[in-house]
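Enquirer: My questions will all concern the structure given below.
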Amino acid sequence: MAWWKVGLGIWLTVVIVVALSFPIVEYPKHWYEFPIIPGLEDRARIIFFHVPAAWTTVVAFLVSLWYGARYLATKDPEADNKSSMSAGLGFTFAILATISGSIWAKFNWGSFWNWDPRETSIFMLLLIYGAYFALRSSIEVEDRRARLSSVYAIIAGLTVPFFIFIMPRVMTGLHPGSKGDVQGAGPVVQFRMAPNMLVVFFAALLGFTVLYVWLFSLSVRTSRVEAILRRRNHKVG
Amino acid sequence: MLGVFWKDVRSELRTRYALNALIMFVVTTLSIILFSMAGETVGIDVLAGILWVVIFFSAMSGLSRTFVNEEERGTVMTLHLLTTPSAVFFGKLLVNLVLVLFLNVLIVVLYLLLINGFVVQSYDVFVLTLLLGSFGLASAATIIAAIVAKAHTKGTLYPVLSFPILLPLLMTVMNGTKLATAGASIAEAGGEFRILISYAVVVTSASYLLFDFVWKD
């Protein structure tokens, strides 16, 4: 096992322990105390898990898009394989972000689903991933499948910015940082986060990203082995 | 490009296959809505949304024909030999655009006549929303039709693939229609128009760049 995998395990454990155990108090005096955020209180802790999961979803989608474009340029089947593996991981993280956010929304906003702009965007990402897999499974010829799904991913990817970056700013929403939020509605989400929270937040972000990279390389190698085995069975059988 | 366009228009006028089916589809959908709303008063915002539901599904039932037809008749090869991909793409885009515009005019006229609660206050905003929405709808529908034509389950896959791509467009046009029924001025709906224009431009240019990969087999 490589050193960075052990490191990642320790890193994420520390992040989880810190994120869950540090007390949230009104007037933080020590470095290990998070300041209270009105309206969020203890529920603010979700930012250490939910936001990195959503972030990883977007990263995975962009990687999938990148390898889709690579495939169109090079016709390398490996690139298509990577594209679809990254999409699979992105889908998993999207489900995680959706479920965690939805449970949280029940306790903070009163219902599991409110059609807030960001909820709409993640819903659309889920739909795109679903459509992408539906398209992949309905084409049997390999290079045709690779080509068409790459094209679809690129076109779908181009419509994503309309959601993720325009809609939450244009429409009023429930998420912290969107238009209508009292804490300021700049074009970019202005985190009024305490420095120690920021450190934990970015640590979680980094941890999730490295976790994604690991999972990605793992699933790409697994699928490569599977392809070899399939070919070998073909020859025997 | 115009050659491809006129070929499709002529063959359509000869058989009237898509047109008849589409008109019947619109009539059926609208009568279902009328039956379900008989004796009820429905809010105008809901009616503005339903209008686009009708437009979306009518478009989904008709627009894939442009490419699926070629695939089913086995005329893809001929088109490959005779014209360039970009001519095919823009020809088909034009056909779809004309079809969508025709469809939308039909739906909107029937909708305004049949649905009592639906009153448009500012027609300029309404018409502009409809026009820009049609451009976006046609451009997204064309490239998805080209993709779907190569897949196995064409009929079901088409709305599945189109919906996520059209969602930003649909939300914007629904908003625009609501603004039109509320009597907003052109300037007030400017944000909507800007989103619609950029959407149509982005999708059309991306489709044009990527069409080669879909078309060449």
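The values are calculated or read from the model by the stated rules, or taken from the named source; none is laboratory data. Since the structure is predicted, the reported quantities are computational estimates derived from the model, not experimental observations. Every residue, glycine among them, receives a Cβ derived from its backbone with ideal geometry; neighbour counts consider all protein chains shown.
Enquirer: Can you confirm whether the range A:32-53 contains a residue that is under 22 Å from B:Val214 (Cα atoms), out of contact with any His (no Cβ under 8 Å at 6 or more places or on another chain) and either crowded, with 17+ Cβ neighbours inside 10 Å or among the polar types (S, T, N, Q) (or both)?
Expert: no
Enquirer: Restricted to the range A:91-115, and to residues that are within 14 Å of chain B (Cβ to nearest Cβ) and at pLDDT 85 or above, which residue is nearest to A:Leu72 (Cα to Cα)?
Expert: Filtering the range A:91-115 for residues that are within 14 Å of chain B (Cβ to nearest Cβ) and at pLDDT 85 or above, the one nearest to A:Leu72 (Cα to Cα) comes out as A:Phe91.
Enquirer: A further question follows. Do any residues in the range A:8-21 that are part of a helix (DSSP H, G or I) have Cβ atoms under 6 Å from those of residues that are surrounded by 17 or more Cβ atoms within 10 Å (Cβ to Cβ) and not aliphatic (A, V, I, L, M), where the two are at least six apart or on different chains, and which pairs are they?
Expert: Listed pairs, sorted by first residue: A:Trp11/A:Gly207; A:Leu12/A:Gly207; A:Val15/A:Gly207; A:Ala19/A:Arg45; A:Ala19/A:Phe48.
Enquirer: OK, next. Suppose the filter is in contact with a Gly (Cβ under 8 Å, 6 or more places away or on another chain) and surrounded by fewer than 19 Cβ atoms within 10 Å (Cβ to Cβ); does A:Leu20 pass it?
Expert: No, not satisfied.
Enquirer: Now for a separate question. Among the residues in the range B:133-143, are any touching a helix residue (DSSP H, G or I) at 6+ places or on another chain (Cβ under 6 Å), more than 14 Å from chain A (Cβ to nearest Cβ) and more than 18 Å from B:Val201 (Cα to Cα)?
Expert: Checked the range B:133-143: no residue is touching a helix residue (DSSP H, G or I) at 6+ places or on another chain (Cβ under 6 Å), more than 14 Å from chain A (Cβ to nearest Cβ) and more than 18 Å from B:Val201 (Cα to Cα).
Enquirer: Which residue is farthest from the other protein chains (Cβ to nearest Cβ), if the candidates are limited to the range B:168-217 and must be under 20 Å from the mean Cα position of the chain (by Cα) and among the aromatic types (Phe, Trp, Tyr)?
Expert: Looking at residues that are under 20 Å from the mean Cα position of the chain (by Cα) and among the aromatic types (Phe, Trp, Tyr), I get B:Phe193.
Enquirer: Right, here's the next one. A:Ser86: under 25 Å from A:Leu218 (Cα atoms), away from every other protein chain (no Cβ under 14 Å) and either outside any loop (DSSP other than H, G, I, E, B) or polar (S, T, N, Q) (or both), yes or no?
Expert: yes
Enquirer: Within the range B:88-132, track down each residue that is part of a loop (DSSP other than H, G, I, E, B) and of a type in the set (Ser, Thr, Tyr).
Expert: B:Ser122
Okay, residues lined up against (1) surrounded by fewer than 16 Cβ atoms within 10 Å (Cβ to Cβ); (2) closer than 30 Å to A:Phe133 by Cβ:
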residue	(1), (2)
B:Gly62	no, yes
B:Pro85	no, yes
B:Phe90	no, no
B:Leu93	no, yes
B:Asn96	no, yes
B:Gly117	yes, no
B:Leu131	yes, no
B:Ala145	no, yes
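Enquirer: Here's something else I'd like to know. Within the bounds of the range A:69-81, is there any residue that is surrounded by 15 or more Cβ atoms within 10 Å (Cβ to Cβ), more than 14 Å from chain B (Cβ to nearest Cβ) and assigned to a helix (DSSP H, G or I)?
Expert: Checked against the condition, which is being surrounded by 15 or more Cβ atoms within 10 Å (Cβ to Cβ), more than 14 Å from chain B (Cβ to nearest Cβ) and assigned to a helix (DSSP H, G or I), the range A:69-81 yields at least one hit.
Enquirer: Sort through A:Leu206, A:Leu174, A:Leu229, A:Leu215 and tell me the only one that's of a type outside the set (Phe, Trp, Tyr), crowded, with 16+ Cβ neighbours inside 10 Å and at pLDDT 85 or above.
Expert: Selected residue: A:Leu215, the only one of A:Leu206, A:Leu174, A:Leu229, A:Leu215 that is of a type outside the set (Phe, Trp, Tyr), crowded, with 16+ Cβ neighbours inside 10 Å and at pLDDT 85 or above.
Enquirer: Another one. Go through (1) closer than 23 Å to A:Met124 by Cα; (2) surrounded by fewer than 18 Cβ atoms within 10 Å (Cβ to Cβ); (3) in contact with an Asp or Glu (Cβ under 8 Å, 6 or more places away or on another chain) and name the single condition A:Leu62 misses.
Expert: Condition not satisfied by A:Leu62: (3).
Enquirer: Out of the residues in the range A:103-129 that are of a type in the set (Gly, Ala, Ser) and surrounded by fewer than 16 Cβ atoms within 10 Å (Cβ to Cβ), which is nearest to A:Val151 (Cα to Cα)?
Expert: A:Ser111
Enquirer: Please work out if B:Val202 is without any contact (Cβ under 8 Å) to a residue 12 or more places away in the chain, over 25 Å from A:Val141 (Cβ atoms) and aliphatic (A, V, I, L, M).
Expert: yes
Enquirer: Name the single residue, out of those in the range A:116-128 being facing chain B (nearest Cβ under 9 Å) and not aliphatic (A, V, I, L, M), that is farthest from the chain's Cα centre (by Cα).
Expert: Checking each candidate, the answer is A:Thr120.
Enquirer: Please identify the pairs in which a residue from the range B:6-25 that is closer than 18 Å to B:Phe89 by Cβ and in a helix (DSSP H, G or I) has its Cβ atom under 6 Å from the Cβ atom of a residue that is modelled with pLDDT of 80 or more and of a type in the set (Val, Ile, Thr), counting only partners at least 6 apart or on another chain.
Expert: B:Asp8/B:Val95
Enquirer: Restricting to the range A:133-157, what's the tally of residues that are out of contact with any Lys or Arg (no Cβ under 7 Å at 6 or more places or on another chain), part of a loop (DSSP other than H, G, I, E, B) and at the interface with chain B (Cβ under 7 Å from one of its Cβ atoms)?
Expert: Summing the residues that are out of contact with any Lys or Arg (no Cβ under 7 Å at 6 or more places or on another chain), part of a loop (DSSP other than H, G, I, E, B) and at the interface with chain B (Cβ under 7 Å from one of its Cβ atoms) in the range A:133-157 gives 1.
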